[in-house]
Every structure is written in structure tokens, then in C-alpha cells.
1. Which longest uninterrupted range of the chain lacks any GluC sites (Glu not before Pro) assigned by DSSP to a loop state (not H, G, I, E or B) and surrounded by at most 16 other Cβ atoms within 10 Å?
2. Need one word for segment 275-368: rounded, prolate or oblate. Basis is the Cα gyration tensor (sqrt eigenvalues a ≥ b ≥ c); a/c below 1.5 gives rounded, then a/b vs b/c decides.
3. Hey, what do the phi angles of segment 68-84 turn into as Karplus ³J(HN,Hα) couplings, whole Hz, using 6.51/-1.76/1.60 and θ = phi - 60°, x for Gly and Pro?
4. Checking a compactness column here: for segment 175-256, what do you get for Rg(Cα) / (2.2 N^0.38 Å), N being the number of residues?
5. Taking a temperature of 37 °C and a viscosity of 0.692 mPa s, what whole-number D in µm²/s does Stokes-Einstein yield for segment 210-368 with Rh from Kirkwood over alpha carbon pairs?
6. Could you tell me how far the Cα centroid of segment 186-233 sits from the Cα centroid of segment 115-131, in Å?
7. Give the Rg (one decimal place) followed by the Dmax (whole number) of segment 84-124, computed from C-alpha coordinates and expressed in Å.
8. Quick one: compute the contact order of the chain, relative version, from alpha carbon pairs under 8 angstrom and 6+ residues apart, as a percent.
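The values are calculated or read from the model by the stated rules, or taken from the named source; none is laboratory data. All of these numbers come straight from a predicted model, not from anything done at the bench. Virtual Cβ from ideal backbone geometry, glycine too; neighbours counted across all protein chains shown. Protein only, heavy atoms only, side chains kept; ligands, DNA and RNA dropped before computing areas. Shrake-Rupley method; radii C 1.70, N 1.55, O 1.52, S 1.80 Å.
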Amino acid sequence: MAHSTALAGIHSSDEGEKQTNPQGDGRKREREKTSGRGSDFSELSRRIADAGLLRRRPVYYTARFTAVGVALAGGVAAFLALGDSWGQLFVAAVLAVVFGQLGLAAHDLAHRQVFSRRRPSEAGGLMVANVLLGMSYGWWMNKHTRHHANPNRENKDPDVAPDIIVWSRRQARQAKGPARFIGKHQAALFFPLLTLEGLNLSFSSFRALRSPSMKRPVLEGTLLVAHFAVYFGGIFTLLSPGKALAFIAVHQGLFGLYLGSVFAPNHKGMPMVEEGSELDFLRRQVLTSRNVDGGALTDVFMGGLNYQIEHHLFPSMPTPALAKAQVITERYCAELGIPYCRSGLLASHRTALRHLREVGAPLREAGR
């Protein structure tokens, strides 16, 4: 089968993970459709559309964005009211969560889940990402679009490109510089490294302003400078230097940890797609993604990205429709005999950390 290479990395014995991989009629139907797999996604898309799950949800997004806006305003008001106090560290922690929610809002805007047209989506994205978060909307959208097109495919998915962390044994064997040391211990260092993710997003945004792929470098650069002028100016004006640095460390560290905890469970530890492997769209998205089970709190914490499989199949689907789409998609995958991975939040992190340790083995062995 064309997807056998990807399936080799799926282990149904992982603690806490559920994988739907039925036999019998599903397998038979899959074999019968080997020569025309393109139609598999078309059928799922028809079922999703018939259920009305692709229509915009203005009431939901109005309520959600209003709540995040009120939380942001409340955090800023508390910051101004407390003054030069160590109590500001609590405000920094609260604002880290608010910034995480703003990041999820920017994500939905970029995917046109909020508005169907490009201009309002882009305007909202620039406001939330550049002005409020200090992250380039254009840079992130380009990066995230490439990830959606080729999830977990080495050399094509920027989210698994080797940097200071390696995502495959091949990357580990080729690692140089800091990646060689960090790769040996990357499972233990993963969460500490996430505390730097907020700063990394801002640094990468400024660096991307020189990239030819950036459509509006002057506009985006101006908005980024305005954000940090207000951010650092306000913090260092109101707080003493020591408290200001502590505020930034807590705020940016927890913000990065929050974002990393939302995005890491979705693909890390899932099969890496090797060069030469050909998968149709449906299988490419399902086999490399993991859903995170949980209740309403998980939905809010992860902004709907806990339904990662459905999000990758239908990126413009509004968040509140994903739960119903999940039921339809899992049943359809069962009909086709396509493995469908679900896991609890803690179990998904354990799987991701176990994967990081396993792929770093060549570096540990080389150091002996």
C-alpha cells in the first residue's frame, strides 16, 4: 500500500492512545479504492458540507474575541493599578494565558475561520499578531501554510526542520553545533526550551522582514516596532529594572510554554513521512495528526486544535464545528480502514517526549 511507510511509525500500544484501525469490510473497501483515492476526501467533504459544518459562526467568534479582549484590558488595567510591585508577576502569568488565547485567535483568522474574505482576515490577523502579540502575521502564515501542506514531511514541513531539536534519527546523525548537544538530552530539555518560544517567534518575525516572501515588510515591521515600543516602554517605565526583567521572564516564558503545550501534542510522535512516500490528501493529514481527548476545558485551552485531524482536513472550519466533524471523520476513517489516533493530553505529551528521546539516540550513542 502507498501509505505503508507512514504506518510503520504508529504504535497502538502507546499508553493512553486510542487508534481506530478496523479490519474486514473497511480494508476491502480501501483496497478497492487504491487506484482512485482522490475520491475518498471528496466523499468526506460532502458529508461535512451536508452537515452544515463549514458555515461561518459570527456569534461564537464575537463572544470569544470579546472575552479575550476584556481579559486583555483587565490585565493591562491591573498592571497599571499595581504599580512597582512584585504582585506584577501574577499579572504577567495571567497575561501569558491571554497572549496564548490571542495566538489562537490569530491562527483562526489566518485560516479564514472567522471571515470568509481575505481582506478582513488579513486586517484582523495583522492587528492581533503584529500589534498585540509582536509576531509577524505574514511570516507565520507562510510557515504554517507550508506545514499544513506537508505535515511531518522532512525537508518540506518547517515545523520538523532541524534547528536545535531533531525530529528524526536521520536529522540526529547529521546534527552539528548546539543541536548535537541539545539533541542528546532534548526530551528533558523540551519544556524548558518552550519557555523561549515566545521570544523566538518575535526574533524570527524581525528576521523574516528581509525575506523575499514577505509581502508587506514595511507595514509589518512598523507594527512590530510599535508593539515592542509600547511593551518594553510600559514595563520599564512603571517597574524598577529588576521587577521589569522578572515580569518579562515570567510573561514570555509562560506564553511560550502555553503555545508549545498547545501545538506539540498534535503531530510530535506521529509518523514522519519519508521522501518518496506518496499519500493522498486524506491519508496525509490523518496519519500524521493526533486528536487530544478532553472536555470543555481542553477545547478552551487548545482553542479547538485538539481536533487536529479535522482542522488539517478542513482548515477553514470554525472552531465550534470541529467536535461534530470529529464524529463524522472518525466513522468515515473506520469505513476506509484508516488509522485514526486519539490520546489524552498528558499521554500525548508522554508520546512526544518518548519520540524525542528515541530519535536523539544516535547522538547519545556517538558520545559514548
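1. Numbers: sites that count: Glu15, Glu274, Glu275, Glu278.
Maximal segment without exposed cleavage sites: 16-273.
2. Numbers: a/c = 2.52, a/b = 1.49, b/c = 1.69.
Oblate, since a/c reaches 1.5 and b/c is not below a/b.
3. 5, x, 5, 5, 5, 4, x, x, 5, 4, 5, 4, 5, 6, 6, x, 7
4. Details: Rg = 16.1 Å, N = 82, 2.2 N^0.38 = 11.7 Å.
Rounded to two decimals, the normalised Rg is 1.37.
5. Numbers: Rh = 19.2 Å.
D, rounded to a whole number, is 171 µm²/s.
6. Centre-to-centre (Cα) distance: 18 Å.
7. Expressed in Å, the Cα Rg and Dmax of segment 84-124 come to 14.9, 45.
8. Values: 495 pairs, mean separation 118.3, N = 368.
Dividing the mean separation by the residue count of the chain yields 32 percent.
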